[in-house]
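The values are calculated or read from the model by the stated rules, or taken from the named source; none is laboratory data. None of these values were measured; they are calculated from a predicted model. FYI the Cβ positions are ideal-geometry reconstructions off the backbone, even for glycines, and counts take in every protein chain you see.
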Amino acid sequence: FKSHVGQEVLYLLARRRSTSALVQTLPGLRLALDLRFYFVSILRRDIDGGLKITQDALCEALGINDNRIVEVSLRKNVDTAAPRMEVSLRETTSS
């Protein structure tokens, strides 16, 4: 799972035009991570089960230390037709 998440991040970065500027800026920012998990069943997994693996894979692919993440939001939903994970990483002013 971790390598799959990392590969997806690298694929998406390769499609962006401003990747180098983004990657150079990230190490100095305070970041907020928002994860939305969509499972086939609400009973499928614990809500926090994928947090650390996803956070590590994302940060590794971006070349940043995961200590830059100072805020986390987790959501667990059901989508029987299209189970997936949605990730958002943004700058935050949280202290």
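For the stretch 66-94, taking the residues that are free of Cβ contacts under 8 Å to residues at least 40 places away in the same chain and exposed (fewer than 11 other Cβ atoms within 10 Å of the Cβ), the one that is nearest to Gly50 (Cα to Cα) is identified as Asn67. Checking the stretch 26-45 against the condition returns a match, with at least one residue being over 11 Å from the mean Cα position of the chain (by Cα), modelled with pLDDT under 75 and surrounded by 15 or more Cβ atoms within 10 Å (Cβ to Cβ). The single condition from (1) in contact (Cβ under 8 Å) with a residue 40 or more places away in the chain; (2) exposed (fewer than 13 other Cβ atoms within 10 Å of the Cβ); (3) in a helix (DSSP H, G or I) that Thr54 fails is (2).
Could we say that Val5 is at pLDDT below 80, assigned to a helix (DSSP H, G or I) and under 16 Å from Asn65 (Cβ atoms) here?
Details: at pLDDT below 80: yes; assigned to a helix (DSSP H, G or I): yes; under 16 Å from Asn65 (Cβ atoms): no.
For Val5, the condition - at pLDDT below 80, assigned to a helix (DSSP H, G or I) and under 16 Å from Asn65 (Cβ atoms) - is not met.
The set of residues in the stretch 57-95 that are outside any loop (DSSP other than H, G, I, E, B), of a type in the set (A, V, I, L, M) and modelled with pLDDT under 90 comprises Ala57, Leu58, Ala61, Leu62, Met85, Val87, Leu89.
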